[in-house]
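We did not get these values from a lab; they are worked out from the coordinates using the rules stated. All figures in this text were calculated on a predicted structure; none of them were measured in a lab. Cβ coordinates were reconstructed from backbone atoms using ideal geometry, including for glycine residues, and neighbour counts include every protein chain displayed.
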Amino acid sequence: MSRRSLWRIDGFEAAVPMDSEKLAAGLRLHLQHAPLTTTVVQVGDIQRSYVALAGCGSCMRGTCEPGCYVALLRRLLHAVAPSLTLASVARGLRARRYSTLLACWPGEDAVALDGAVLATWPEARLTLHWSRAPHEGVAVRGLLAIADADAAPRAVLREMGWRGAVLARPLRTVGTFWLRTRMRPLLWQRPTLLAPHLLFPVLSSGNERPAARLEGARDR
């Protein structure tokens, strides 16, 4: 397998039901073999969903090798909701300036997260890194970045059963670093009974616009 690559999830449709149990089962199987990073980004009224995972040397040509994790995830998403597709984001996400950065992890009463967590702020990003737990099950760690200096993100997370800790020296710019091959482990890894899930966007008219405002490395 090659190094990790970033993929945008397209094809979200409000009228299409999603089989969350099948998705969780498929992700559990994936995590037995390889980690997976899921991200939802909000800029204004636009939200986009991304995944970063290890693929094969042929992913970018659309001819994945047998057993490629990207091909397997593409197949899983299609089984969960036929409209869902993966699109390569070769240049990564645009770097953006955030004033608040939190490490986060699920509590005992945690529920699955999605783009609704970011709805309070005009510009924010949430990333969850899923992996196999040391003994059994799965583990997850997260990173929440917000551009609002007056935000109270821990209260928002608490409503969802998640815990958060403000990093003492937050990154002023978060871009490709956290989402592609150089993503470093955080200290707040937690085994969890929560079903593994992807961070899907909240559907709105803004999400129908091109993804160019969120992708690329030009506005550093």
Query raised in the report: With r defined as the distance between the Cβ atoms of residue 61 and residue 83 and R0 fixed at 22 Å, what FRET efficiency is calculated, to the nearest 0.05?
Result: 0.40
Query raised in the report: Between residue 159 and residue 97, what length comes free when the chain is fully extended (0.36 nm per residue of separation minus the Cα-Cα distance, one decimal in nm)?
Result: 19.7 nm
Query raised in the report: On alpha-carbon atoms, Rg over Rh for the range 92-168 using Kirkwood Rh?
Result: 0.98
